1. Under a plain spin-label model, where a point goes 7 Å from the Cα along Cα-to-Cβ, how far apart in nm are residue 170 and residue 2?
2. Which entry in (i) 41; (ii) 22; (iii) 26 matches percent of Cα pairs over 32 Å apart derived from the coordinates of this structure?
3. So between residue 41 and residue 289, what do we pick up on full extension, going 0.36 nm a residue minus the alpha carbon distance?
4. What does the C-alpha gyration tensor say about the overall shape of the stretch 2-90? Classify as rounded when a/c is under 1.5, otherwise prolate if a/b is larger than b/c, or oblate.
5. Run lengths n ≥ 4 of DSSP H only: what is the helix-derived mean residue ellipticity at 222 nm for the chain, with -39500 (n - 2.57) per run over all residues, to the nearest 500?
6. Roughly how many Å is it from the Cα centre of the stretch 232-285 to that of the stretch 1-73, as a whole number?
7. Rounded to the nearest 0.05, what FRET efficiency do residue 150 and residue 48 have when you use their Cβ-Cβ distance and R0 = 22 Å?
8. Taking 0.36 nm per residue of sequence separation and subtracting the Cα-Cα distance, how much length would be gained by fully extending the chain between residue 235 and residue 163, in nm to one decimal?
Amino acid sequence: MLELEAVIDQVEELRGPERSISLLPGGLTNANYKVVTASGRFVVRRWSDDTGLLAIDRDNEYENSVRAAEVGVGAAVVAYLPEHNTMVMEWIDGETLSAQGLRDGGAALLEQVAAACRRLHGARRFRDDFDMFEIQPRYLRIVRERGFRLPERYEEFAPHVAAIREAFALRDEGTVPCNNDLLAENFMRTPSGLRLIDYEYSGNNDPCFELGNVWSESNLSLEQLEQLVAAYYGRPARNKVARARLWGLMSKYGWTLWASISAGISDLDFDFWAWGLEKYDRAVAEFESPEFERLLEETQRLD
């Protein structure tokens, strides 16, 4: 706590004798604190050096957070102190969503999700790109080099990944600024609409990755994915639904290795391995589904 106070004393808005500091729950790669001063309420995010193994670039996170705030969807950045592994954000007064809440929220909530994504995707281009086809093999090299655990049969699905990549390359959809990590807890419900927080994995990406990742992270139904795609694009185009489903599959496959690395480097009391295996089991079921080949074909449809 003394170290934390010494760091936040460097930020003018966080100084003052009546300051209060409390640890916020959640956060698997950061320690997050709520700081209240005479100037207002703030979130202080602190991280360890090891998070670079997880493909997190903090300068990229900072710059993209600024751009997300410019369009009113992200939290404003108050201060960035990279020499202290710290970033200070505005406090968003709202309700944190949950996966269950997103599943039960109905079409109206999915329309809000789509609207928030469209707003973010209209921001200034982000600094870097995000490509799960590049990140997944990077994670795999780290897992091998460090001797971390690898799920049974994991590498058997490399041909499936290659087939997805080829199908996507045949119909390039372009890229837009994306959050790329929209688990339900990164949505904040406010009176003015949903806000999106946490830009650790942000980068320019296929918008269908964003939609597929939302579907995957909250384990939405296929009907809800179709509703989300329709709300985003104005209609439930079959090629976009198929593309989002396959990106959701790729996110599960890639984040499985994120979990393996996190299990090897994190001191948090959290079962990363079990968390990753749950994603992997769902990915295997989709790789082996008779629908897999159909989805590859449907990405090439005109509707």
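1. Those two pseudo-labels are separated by 6.5 nm.
2. (iii)
3. 84.4 nm
4. oblate
5. Value at 222 nm, helices only: -15000 deg cm²/dmol.
6. Each part's Cα centre sits 26 Å from the other's.
7. About 0.40, to the nearest 0.05.
8. 23.3 nm
No value in this document is a laboratory result; all are computed from the given coordinates. None of the values given here were measured: they were computed from a predicted structure. No Cβ is skipped: glycine too gets one built from the backbone with ideal geometry, and neighbour counts run over all protein chains shown.
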